[in-house]
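Below: one structure, written as structure tokens.
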Amino acid sequence: MTETRFSGTDRYVATEDLMTAVNAAVTLGRPILIKGEPGTGKTQLAEEIARGLDRPLLQWHIKSTTKAQQGLYEYDAVARLRDSQLGDERVHDIANYIVRGPLWEAFDQDLQPVLLIDEIDKADIEFPNDLLRELDRMEFYVYETQQTVVAKHRPIIVITSNNEKELPDAFLRRCFFHYIRFPDHETMREIVDVHYPGLKKELLEEALKAFYGLREVPGLKKKPSTSELLDWLKLLLAEDVPPEALSSDDRRKTLPPLHGALLKNEQDVHLFERLIFLSQREGR
Amino acid sequence: MLIKFFFMLRDGGIKVSLTEFLTLLEVLKRRIAGYSVDEFYYLSRACLVKDEALYDRFDQVFAAHFKGIQAIFGDDVAEIPEDWLRKQLELSLSEEEKAQIEALGGWEKLMETLRKRLEEQEKRHQGGSKWIGTGGTSPFGAYGYNPEGMRIGQEGSRNRRAVKVWDRREFRNLDDSVELGTRNLKVALRRLRRFAREGAADELDLHDTIESTARNAGLLDIRMVPERHNAVKVLLFLDIGGSMDDHVRVCEELFSAARGEFKHLEYFYFHNCVYEGVWKDNRRRHSERLPTMDLLHKYAADYKLIFVGDATMSPYEIHYPGGSVEHWNEEAGATWMKRLLDTYPKAIWLNPEPLQRWDYTPSIRMINELMEERMFPLTVRGLEEGMRALG
């Protein structure tokens, strides 16, 4: 019997509410829908569940042109057409031209797999509705070969959304839901600790202070996120920036070093420079 | 007990379906959670609430329903670190409000009264978890003062006791009538997407190609279609200057979101009410006016019309010729509004003024009447309703 309770991994810090929601979804074999600010580790969650529970991971990244049918299977009509023009023998068996989608692959695994459906809100508005029955019953019918594909084990389906479109109620009713909120100071320290275990304490403190200070700046077009903080720390480490360079006194006079990792928008950089200018004038 | 909880949630505006409720019961039956209240809280939230905007409401209902149970877990209430509280309040108050507090007798008095009230409350609830005045008309209270629902009095480390999580109501600022930002606006504007195939045929139509090839006895017959894109056309009229100065930020956000979202977007500025001329550049508003009549002729009736303005002005500016504060207008603003609305049947007015104030301002009522009640507040929810009205 493999592990069935997820409790975070050595490189992913899961809060208690997240663990509860994931475990409920794993036990009942129902999809779990994850929302949250960009960069809070929604996509990574699926990878870590697979790692933590030691299951195979299948990924299905959704684009605006993705159709629900592609997740099940596709009938490669063009290949068959070409083969027919060339007189290939394969053309007589339609099964040769059925290309399996990620959902089919997941249904066919011998060990309960983790299936990531990433950014479901990118797809057409009807997309979730088209998957209702498949996610509910974990089976579908292949029209071309007249066969029914049934899941050997109900896969653990992790669905992420950035809230660009509202999802239909019927779809939501079949999912567990969790909103990953932005980590607080303490959780953030744990997260950083997991990624950079040897980080000097002072540097981390100053960096976190600078980071949260930056998030507090009113009017930023894009607030820096967890993944950006981690990138920034990596840069700071690589450049060997001393903690003093980040201390708040300095920050009033200049932008934090290597700010390009945190502020991704030139308007934001301008805004920040303006604020620094103002605070300098006040200080005088 | 849970059935009552179920109906309380529904009364509280969280539309929990029977399936979801049964799922929760199944989860409980399978003993996924232990027997602690916080685990139950997390589980029920994951099962029953499917929108982070409703987390706050869920927390409230949960707190109301399980008030008695919390008492069993004991309490850790009401040691208010005064400096901290004061700092928080100062942060969230405007100069005006600070002055009002001074008028109430200053900080010392305020703190004293607050403490007194807290004590009274402690007696009544035996140190329960409800803070003073969760609504907000009293000058005290956790959720009234600070829009983010900063909790007064619960210290950092204790906060992490999950029993108190729902009472912290951390998701407060996600309730969807408050928060605004370019991204949210874009998402709301996206409701107006209408994909259509227009223009040159440059995409392979696989389905049609196969079908016509089959009809053609297997000889390849390529069929092409035009690419799909958002075909919605929008005319945006923005009120600028005067009382709109308070709303500059939200209008900027709406404007940049709209620019990103619509391929066919034309925008014009006006002041207070639309008259015979509008302009595209505020620096040259007097020299480069575009006659409104020309716009009516230039843009076809399939354009959708969005006004953005606080509609706060003197009623004369709407109903009388010559009423404009800036120039002499031959015809009344209402006449021009009617002309625009006749030409573009799909129209809405977005108003950044808070909804509560609409009834007290006669000109807002008048404009709303002109718009046939299609005025919506400039919040995410208002925008969504507006987009639905346009769609």
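The values are calculated or read from the model by the stated rules, or taken from the named source; none is laboratory data. For clarity, every value in this text was computed on a predicted model and none was experimentally measured. Please note: Cβ atoms are built from the backbone with ideal geometry, for glycine as well, and neighbour counts cover all protein chains shown.
Here is a yes/no grid of residues against (1) in contact with a Phe, Trp or Tyr (Cβ under 8 Å, 6 or more places away or on another chain); (2) touching a residue at least 24 places away in the same chain (Cβ under 8 Å):
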position	(1), (2)
A:ASP76	yes, no
A:GLY101	yes, yes
A:SER161	no, yes
A:ASP169	no, no
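Of the residues in the stretch A:161-176, at least one is crowded, with 20+ Cβ neighbours inside 10 Å, at pLDDT 80 or above and more than 10 Å from chain B (Cβ to nearest Cβ). Residues in the stretch B:300-343 that are of a type in the set (Phe, Trp, Tyr) and touching a strand residue (DSSP E or B) at 6+ places or on another chain (Cβ under 8 Å): B:TYR303, B:PHE307, B:TRP336. The residues of the stretch B:1-21 that are within 21 Å of B:GLU52 (Cα to Cα), part of a helix (DSSP H, G or I) and out of contact with any helix residue (DSSP H, G or I) (no Cβ under 7 Å at 6 or more places or on another chain), listed by number, are B:PHE7, B:ARG10, B:ASP11, B:LEU18.
Evaluation of A:PRO128 against the conditions (1) in a loop (DSSP other than H, G, I, E, B); (2) touching a Phe, Trp or Tyr at 6+ places or on another chain (Cβ under 8 Å); (3) within 14 Å of chain B (Cβ to nearest Cβ) shows that the sole unmet condition is (1). If you filter the stretch B:329-380 down to residues that are among the polar types (S, T, N, Q) and more than 15 Å from B:ASP310 (Cα to Cα), you find that the one that is nearest to the chain's Cα centre (by Cα) is B:THR343.
Evaluation of A:TYR97 against the conditions (1) within 29 Å of A:GLU164 (Cα to Cα); (2) of a type in the set (Phe, Trp, Tyr); (3) within 14 Å of another protein chain (Cβ to nearest Cβ) shows that the sole unmet condition is (1). Kindly establish whether A:VAL192 is surrounded by fewer than 18 Cβ atoms within 10 Å (Cβ to Cβ), more than 14 Å from chain B (Cβ to nearest Cβ) and touching a residue at least 40 places away in the same chain (Cβ under 8 Å). Against the criterion (surrounded by fewer than 18 Cβ atoms within 10 Å (Cβ to Cβ), more than 14 Å from chain B (Cβ to nearest Cβ) and touching a residue at least 40 places away in the same chain (Cβ under 8 Å)), A:VAL192 does not qualify. So, of the residues in the stretch B:262-288 that are over 30 Å from the mean Cα position of the chain (by Cα) and modelled with pLDDT under 75, which turns out to be surrounded by the most Cβ atoms within 10 Å (Cβ to Cβ)? The qualifying residue surrounded by the most Cβ atoms within 10 Å (Cβ to Cβ) is B:ARG285.
Residue by residue through the stretch A:195-234, note down the ones that are within 14 Å of chain B (Cβ to nearest Cβ), outside any loop (DSSP other than H, G, I, E, B) and of a type in the set (Lys, Arg). The answer is A:ARG215, and nothing else. Applying the criterion of being at the interface with chain A (Cβ under 9 Å from one of its Cβ atoms) and aromatic (Phe, Trp, Tyr) to the residues of the stretch B:42-58, the residue that is surrounded by the most Cβ atoms within 10 Å (Cβ to Cβ) is B:TYR42. Count of the stretch B:302-334 residues, restricted to those that are more than 23 Å from B:GLU384 (Cα to Cα) and either of a type in the set (Phe, Trp, Tyr) or modelled with pLDDT of 90 or more (or both), is 3.
The residue that is surrounded by the most Cβ atoms within 10 Å (Cβ to Cβ), counting only those in the stretch A:1-57 that are of a type in the set (D, E, K, R), in a helix (DSSP H, G or I) and more than 14 Å from every other protein chain (Cβ to nearest Cβ), is A:GLU48.
Quick check on the stretch B:22-47: of everything there that is in a loop (DSSP other than H, G, I, E, B) and among the basic types (Lys, Arg), which residue is farthest from A:ARG174 (Cα to Cα)? Across the stretch B:22-47, the extreme among qualifying residues is B:ARG31.
Somewhere in the stretch A:146-159, is a residue hydroxyl-bearing (Ser, Thr, Tyr) and either within 14 Å of chain B (Cβ to nearest Cβ) or part of a loop (DSSP other than H, G, I, E, B) (or both)? No, that holds for no residue.
Against the numbered list (1) at pLDDT 55 or above; (2) within 14 Å of chain A (Cβ to nearest Cβ); (3) over 30 Å from A:THR27 (Cβ atoms), B:LEU91 comes up short only at (1). Tell me, which residue of the stretch A:79-101 that is closer than 16 Å to B:ILE210 by Cβ and of a type in the set (Lys, Arg) is modelled with the highest pLDDT? Per the stated criteria, the residue is A:ARG80.
Scanning the stretch A:109-116 for any residue that is closer than 24 Å to A:LEU57 by Cα, among the hydrophobic types (A, V, I, L, M, F, W, C) and either part of a loop (DSSP other than H, G, I, E, B) or within 14 Å of chain B (Cβ to nearest Cβ) (or both) turns up at least one such residue. The condition (being modelled with pLDDT under 75, within 14 Å of chain A (Cβ to nearest Cβ) and either within 30 Å of A:ASP76 (Cβ to Cβ) or surrounded by fewer than 17 Cβ atoms within 10 Å (Cβ to Cβ) (or both)) is satisfied by just one residue among B:ARG259, B:ARG228: B:ARG228. Is there a residue in the stretch A:89-98 that is touching a residue at least 24 places away in the same chain (Cβ under 8 Å), part of a helix (DSSP H, G or I), in contact with a helix residue (DSSP H, G or I) (Cβ under 8 Å, 6 or more places away or on another chain) and within 21 Å of A:CYS175 (Cα to Cα)? No, the conditions are met nowhere in the stretch A:89-98.
Of the conditions (1) part of a helix (DSSP H, G or I); (2) modelled with pLDDT of 80 or more; (3) under 29 Å from the mean Cα position of the chain (by Cα), B:LYS50 clears all except one; give me its number. With (1) part of a helix (DSSP H, G or I); (2) modelled with pLDDT of 80 or more; (3) under 29 Å from the mean Cα position of the chain (by Cα) applied to B:LYS50, the lone miss is (1). Annotation note: Cβ proximity below 9 Å between a residue of the stretch B:216-239 that is without any contact (Cβ under 8 Å) to a residue 40 or more places away in the chain and at positive phi and a residue that is surrounded by 14 or more Cβ atoms within 10 Å (Cβ to Cβ) and not in a strand (DSSP E or B) (sequence gap 6+ or interchain) occurs for B:GLY218/A:LEU81; B:GLY218/A:SER84.
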